[in-house]
Amino acid sequence: MPVLELKNIIKNYPDGQNVNEVLKEINFHVNQGEFAAIVGPSGAGKSTLLTIMGALLSPTSGSVLLNNQDIGQLSKKQQTDIRLNKIGFIFQNSDLIPYLKISDQLKFIQKISNKNPIDSDKILKELGLGHRLNSYPNALSGGEKQRVAIARAFINQPDLILADEPTASLDSKRGHEVVKIIQETVHQQNKAAVMVTHDERVLDLVDSIWQIEDGRLKRVKA
Ligand SMILES: Nc1ncnc2c1ncn2[C@@H]1O[C@H](COP(=O)(O)OP(=O)(O)O)[C@@H](O)[C@H]1O
Ligand SMILES: [Mg+2]
């Protein structure tokens with residue numbers, strides 16, 4: 001059974017007198033233990049698609065099923081709850097909270113959710129961030145910030161990880177290291193993950209590849 005499934009997703013934006021058809025009849029799925037990549041040029045609709053997957057944006061039509069549940073049918077409160085407890089987000093620029101120490105970036109998320117807390121400092125240490133626990137984000141390199149963002153995305157033991165161009169601000173070596181951490185965590189913890197990217201250099205790490213072009217999505221690698 002897929003963790004996430006999209007059925008006939010259409011997204012239109014108004015564009016003056018016309019409509020901009022950003023996503024056209026998109027079908028997609030990702031299974032437990034699978035790391036999927038969606039590739040496509042800038043402006044192809046990757047972020048829009050990922051935002052819909054994460055229940056941060058409603059499609060014009062079509063359905064988004066998380067663990068077989070149609071999240072479009074849920075109340076705003078229930079959607080917020082799902083975003084907090086079932087989905088982990090990783091963004092291009094980390095989006096760490098500037099006034100929280102690294103250690104507290106994870107504890108803060110644990111505090112507002114209702115999952116059994118796991119030892120977040122231990123996880124940061126395992127990711128080589130032990131010496132950064134009491135630092136603020138602005139003291140960290142881009143690669144370190146992305147490792148914190150990954151740890152934060154996994155801290156609530158979500159079923160689904162969504163990553164939007166996680167390597168965009170990194171050089172190719174750091175980018176590969178960061179995506180490798182996502183891959184290993186997905187496989188070890190049997191999660192599902194979707195990464196949108198235009199960075200072809202990290203595609204050796206994923207299990208399936210989909211391509212989006214002119215609003216249409218097709219699978220290009222099993
Ligand atoms: N909030 C919005 N309102 C209107 N148009 C938007 C909005 N967000 C994205 N778009 C348009 O949707 C298209 C796809 O954007 P996006 O999903 O950001 O692509 P990508 O992430 O692949 O670069 C672009 O033409 C963009 O201008
Ligand atoms: Mg984008």
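Taking every alpha-carbon pair under 8 Å whose residues sit at least 6 apart, the chain reaches a relative contact order of 30 percent. The 3J(HN,Hα) values that the Karplus relation (6.51, -1.76, 1.60; θ = phi - 60°) gives for the range 25-40 are, in residue order, 6, 7, 10, 7, 8, 9, 9, 4, x, 10, 10, 9, 10, 10, 10, x Hz. Gly and Pro appear as x.
Rounded to the nearest 10 degrees, the angle from helix 76-85 to the longest Cα principal axis of the chain is 50 degrees. Taken one residue at a time, the phi angles of the range 185-199 give Karplus couplings (6.51, -1.76, 1.60, θ = phi - 60°) of 5, 4, 6, 5, 9, 6, 9, 10, 9, 10, 10, 9, 7, 10, 9 Hz. Gly and Pro are set to x.
Between the amide H of A163 and those of I90, V194, M195, V196, distances stay under 5 Å, these residues lying 5 or more places away or on another chain, with hydrogens modeled in the peptide plane. Axis angle, to the nearest 10 degrees, between helix 102-112 and the longest C-alpha principal axis of the chain: 60 degrees. Largest GNM mean-square fluctuation across S94, S103, S42, computed for the chain with C-alpha springs under 10 Å, falls on S42.
Karplus-based coupling profile of the range 61-71, in residue order and whole Hz: 7, x, 10, 10, 10, 10, 6, 6, 9, 6, 6, with θ = phi - 60° in 6.51 cos²θ - 1.76 cosθ + 1.60 and x standing for Gly or Pro.
Over all other residues within a Cβ to Cβ distance under 13 Å of I97, the charged ones net out to +3, with Lys and Arg as +1 and Asp and Glu as -1.
As a test of the formula, what do you get for the chain when each DSSP H run with n ≥ 4 contributes -39,500 (n - 2.57) and the sum is divided by the residue count, at 222 nm and rounded to the nearest 500 deg cm²/dmol? Theoretical 222 nm ellipticity from helices: -9000 deg cm²/dmol.
For the chain, the longest principal axis of the Cα atoms and the long axis of helix 142-154 meet at an angle of about 70 degrees. May I ask for the net charge around S141, where only other residues with Cβ less than 11 Å from the Cβ of S141 are counted and Lys, Arg are +1 while Asp, Glu are -1? Around S141, the surrounding residues sum to +2. Diffusion coefficient (Stokes-Einstein, Kirkwood radius over C-alpha pairs, 10 °C, 1.306 mPa s) for the range 2-221: 89 µm²/s, rounded to a whole number.
Note down, for the range 137-222, the three equivalent ellipsoid semi-axes (square root of 5 times each alpha carbon gyration tensor eigenvalue), biggest first, whole angstrom.
Values: eigenvalues 96, 54, 27 Å².
Equivalent-ellipsoid dimensions as semi-axes: 22, 16, 12 Å.
If you count the DSSP beta bridges with both ends in the chain, what percent of them are antiparallel, to the nearest 5? Here the share of antiparallel DSSP bridges comes out near 55 percent.
None of the figures in this text is laboratory data; all of them are computed from the coordinates on show. Owing to the predicted nature of the structure, the values given are computational and were not obtained by experimental measurement. Don't worry about glycine lacking a Cβ; one is built from the backbone with ideal geometry, like all the others, and counts go over all protein chains shown.
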